[in-house]
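Encoded as structure tokens, the structure appears first; notes follow it.
The values are calculated or read from the model by the stated rules, or taken from the named source; none is laboratory data. As the structure is a prediction and not an experimental result, all values here were calculated from the model. FYI the Cβ positions are ideal-geometry reconstructions off the backbone, even for glycines, and counts take in every protein chain you see. What goes into the accessible areas is simple: the full protein's heavy atoms, side chains included, and nothing from ligands, DNA or RNA. Shrake-Rupley method; radii C 1.70, N 1.55, O 1.52, S 1.80 Å.
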Number of protein chains: 2
Amino acid sequence: MSKLDESLLTGLPPFSRLERGQIREILDQALPKRYDEGNEIFHEGHDAERFHLLLDGYIRVVKTTEGGEQIIALHISPGQLFGIAPALNRDTYPATAVAASESLALSWPVRMWPEFTAKYQGFATESYNTLGQRLGEMQTRITELATQAVEQRVAAALLRMVTQSGRKVEEGIEIAFPVTRRNISEMTGTTLHTVSRLLSAWEKDGIVHSTRKHIVVTDPHRLVVLSGVQG
Amino acid sequence: MSKLDESLLTGLPPFSRLERGQIREILDQALPKRYDEGNEIFHEGHDAERFHLLLDGYIRVVKTTEGGEQIIALHISPGQLFGIAPALNRDTYPATAVAASESLALSWPVRMWPEFTAKYQGFATESYNTLGQRLGEMQTRITELATQAVEQRVAAALLRMVTQSGRKVEEGIEIAFPVTRRNISEMTGTTLHTVSRLLSAWEKDGIVHSTRKHIVVTDPHRLVVLSGVQG
DNA sequence: TCAACTCTTTGTCCTCTAGCAAACTTGCGG
DNA sequence: CCGCAAGTTTGCTAGAGGACAAAGAGTTGA
């Protein structure tokens with residue numbers, strides 16, 4: 001296997017404060033792996049053997065209820081750590097990670113986590129920052145689910161995806177990974193039927209343009225209004 | 001001010017691995033404070049100047065939406081840290097903390113957080129454990145809100161409070177701090193009206209006995225069934 | 001090129017529960 | 001002891017959105 005290039009990690013928050021030599025060390029111990037769309041990176045309840053860093057693609061972190069319904073806990077974008085159970089002293093993964101599109105990730109054995117945090121100044125700090133942000137996002141979702149109507153939640157979910165992974169195209173801003181109506185319903189706690197109706201209505205109003213697994217937001221501003229954010 | 005007794009901290013998870021001398025040091029720097037029911041400990045958005053440990057009583061951590069609605073993010077029981085913004089490198093409190101009953105808490109300036117985690121072996125570990133648990137609880141609530149009906153959510157909320165703070169009385173198990181119908185609605189994303197109707201129905205079925213601000217669960221098992229947990 | 005899937009759209013029905021309104025109860029402060 | 005505020009109960013109504021059903025469209029693979 002050829003050596004990984006150091007530029008992969010330079011500039012990513014968890015590693016931004018490290019020196020070249022340190023990054024070299026870290027990379028030499030990383031296991032890179034490619035995942036096709038739909039492939040699992042790890043599974044809920046299984047032993048947390050490795051922690052991961054997404055280099056390219058998108059990951060959905062999913063939880064399955066006793067009733068068999070799925071809900072999407074989190075979207076991971078390139079540059080983010082995920083499956084960081086060791087940071088919380090957990091020994092199993094609390095959810096399942098699935099590639100939303102073809103993805104490339106590095107991973108390390110969990111036993112290296114203490115070493116990373118102790119040895120590399122700033123790694124722990126950045127990791128706990130990330131954790132804090134996720135805690136905040138979850139809080140936001142709880143609030144939304146508890147107080148907002150379905151339409152607002154779906155609008156907010158689209159905006160979140162656009163913000164996190166929007167790529168500009170001529171019509172507007174496109175969500176950079178495949179999303180189905182069902183996926184959106186799993187993010188917002190509704191049914192795919194309702195999501196479909198909403199998207200159809202918004203399409204008619206010229207707010208979005210959507211095809212199969214593919215959504216372009218043509219009028220982000222009106223979506224913001226729909227999401228119910230006070231100015 | 002007389003010295004605080006060391007036994008206050010001995011046995012609490014964050015400090016369980018410390019020696020007497022260390023506990024003495026920590027206590028000497030703590031500021032104890034009493035709060036009446038309804039008093040604020042800290043307010044959302046304000047500078048996070050101190051982190052806190054609840055010794056006695058119960059704390060509600062509350063978030064207010066733009067629309068003015070409140071939702072209860074978290075309940076804190078004696079022995080738990082709260083307002084630990086510094087652990088996540090935040091410099092403002094993400095939510096408001098209010099005493100649910102008369103409470104006693106210690107607090108320390110946030111600048112001591114790095115010292116605590118560095119100096120006292122196990123403090124950081126235990127703190128991040130706590131954080132992991134809270135993350136898990138939030139995940140559970142998101143799942144509930146997204147997939148369960150109101151009745152199941154209210155049943156689950158009651159059970160959670162009973163588990164966290166249940167005290168045995170002759171009729172059954174009593175929630176150890178004052179709770180209003182409105183409070184429960186703020187935990188479950190419904191209205192106080194609906195909660196009132198549910199409690200009335202359950203009272204009729206002999207599952208709970210409730211008075212003003214006060215709830216006793218007389219048949220926990222049937223409540224578990226209502227909450228929809230699969231066996 | 002056909003078959004099987006997966007994803008999407010649309011229609012209809014019906015339940016749950018939010019919203020509104022009003023009365024009642026309890027407890028506290030003056 | 002009274003009056004007021006906070007908390008609770010209950011009735012009524014309308015509407016959102018879930019459940020079910022069925023058909024259409026796009027993709028994949030044999």
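With +1 assigned to the C-beta of every Lys and Arg and -1 to the C-beta of every Asp and Glu, and no other charges, what is the dipole magnitude of the stretch A:83-231 about the Cα centre in debye, to the nearest 20?
220 debye
Starting from the amide H of residue A:80, placed 1.01 Å from N in the peptide plane, find each other amide H under 5 Å away whose residue is 5 or more places distant or on another chain.
A:54
Note down the relative contact order for the stretch A:6-144 as a percent, whole number, built from C-alpha pairs under 8 angstrom at least six residues apart.
Relative contact order here is 32 percent.
So what J values fall out for the stretch B:108-121 if you push phi through Karplus, 6.51 cos²θ - 1.76 cosθ + 1.60 with θ = phi - 60°, rounded to Hz, Gly and Pro as x?
My calculation for the stretch B:108-121 gives 9, x, 4, 4, 7, 4, x, 4, 4, 5, 6, 7, 9, 4 Hz in order.
Pop out a list of residues from the stretch A:131-149 that are at least 40 Å² less accessible with all the protein chains around than in their chain alone; 1.4 Å probe, no ligands or nucleic acids counted.
A:135, A:138, A:139, A:142, A:143, A:145, A:146, A:147
Over the stretch A:133-198, what relative contact order in percent results from Cα pairs under 8 Å that are six or more residues apart?
27 percent
Rg to Rh ratio, the protein assembly as shown, alpha-carbon atoms and Kirkwood radius?
Result for the protein assembly as shown is an Rg/Rh of 0.98.
Measure off, as a whole percent, the carbon and sulfur share of the 1.4 Å-probe accessible area of the stretch A:6-144, all protein chains present.
Here carbon and sulfur together make up 47 percent of the probe-accessible area.
How far, in nm to one decimal, is residue A:224 from itself in the other copies if the label point is set 7 angstrom along Cα toward Cβ? Shortest first, please.
Sorted ascending, the copy-to-copy spacings read 5.0 nm.
How long is the gain from residue B:225 to residue B:111 if the chain were fully straight, where each residue apart is worth 0.36 nm and the alpha carbon distance is subtracted?
Length gained between residue B:225 and residue B:111: 36.4 nm.
Under the convention of a label 7 Å out along Cα→Cβ, give the distances in nm from residue A:196 to the same position in every other copy, shortest first.
For residue A:196, the inter-copy label distances come out at 4.1 nm.
Using Cα pairs closer than 8 Å and at least 6 residues apart in sequence, work out the relative contact order for the stretch B:181-230, in percent.
21 percent
Could you run the Karplus curve 6.51 cos²θ - 1.76 cosθ + 1.60 with θ = phi - 60° over the stretch A:5-17 and give me ³J(HN,Hα) per residue in whole Hz, x for Gly and Pro?
Whole-Hz 3J(HN,Hα) from phi for the stretch A:5-17: 7, 5, 5, 4, 9, 4, x, 6, x, x, 10, 4, 9.
Nearest 20 debye, what's the magnitude of the dipole of the stretch B:149-227 about its Cα centre given +1 on Lys and Arg Cβ and -1 on Asp and Glu Cβ?
Dipole size: approximately 240 debye.
With the other protein chains left in place, how much accessible area per residue, in square angstrom, belongs to the stretch B:1-119 at a 1.4 angstrom probe?
With the other protein chains kept in place, the stretch B:1-119 gives 48 Å² per residue.
Can you compute the charge dipole magnitude of the stretch A:6-144 about its Cα centre, using +1 on each Lys and Arg Cβ and -1 on each Asp and Glu Cβ, nothing else charged? Give it in debye, rounded to the nearest 20.
Approximately 380 debye in magnitude.
Please find the FRET efficiency linking residue A:39 to residue A:6, where r is the Cβ-Cβ separation and R0 is fixed at 35 Å, and quote it to the nearest 0.05.
Efficiency, from the Cβ-Cβ distance: 0.85.
Once phi is turned into ³J(HN,Hα) by the Karplus curve 6.51 cos²θ - 1.76 cosθ + 1.60 with θ = phi - 60°, what whole-Hz value does each residue of the stretch A:152-165 show in order, with x for glycine and proline?
Values per residue, Gly and Pro as x: 5, 5, 5, 4, 4, 5, 4, 4, 5, 5, 4, 5, 7, 8 Hz.
List the trypsin sites (Lys or Arg not before Pro) within the stretch A:67-155 that DSSP assigns to loop and that have no more than 13 neighbouring Cβ atoms inside 10 Å.
A:111
For residue A:28, go 7 angstrom from Cα along the Cα-to-Cβ vector, then report the distances to that same point in the other copies in nm, smallest first.
Shortest to longest, the spacings are 4.7 nm.
Which value, in Å², gives the accessible area per residue of the stretch A:149-227 when a 1.4 Å probe is used on the protein heavy atoms?
Per-residue value: 49 Å².
Roughly how big is the B-A contact, given as buried accessible area in Å² (both sides, 1.4 Å probe, nearest 100)?
Summing both chains' loss of accessible area gives about 2800 Å².
Past 23 Å, Cα to Cα, is the threshold; run B:168/B:204; A:63/A:213; A:119/B:119; A:63/A:119 against it and keep the listed order.
A:63/A:119
Could you pull out every one of the lysines with an alpha carbon less than 21 Å from that of residue B:33, ignoring same-chain neighbours closer than 8 positions?
Straight-line reach from residue B:33, under 21 Å: B:3.
If you take the charge dipole of chain B about its Cα centre, with +1 on Lys and Arg Cβ and -1 on Asp and Glu Cβ, which of B:124, B:195, B:59 is farthest toward its positive end?
Farthest along the dipole direction, towards plus: B:195.
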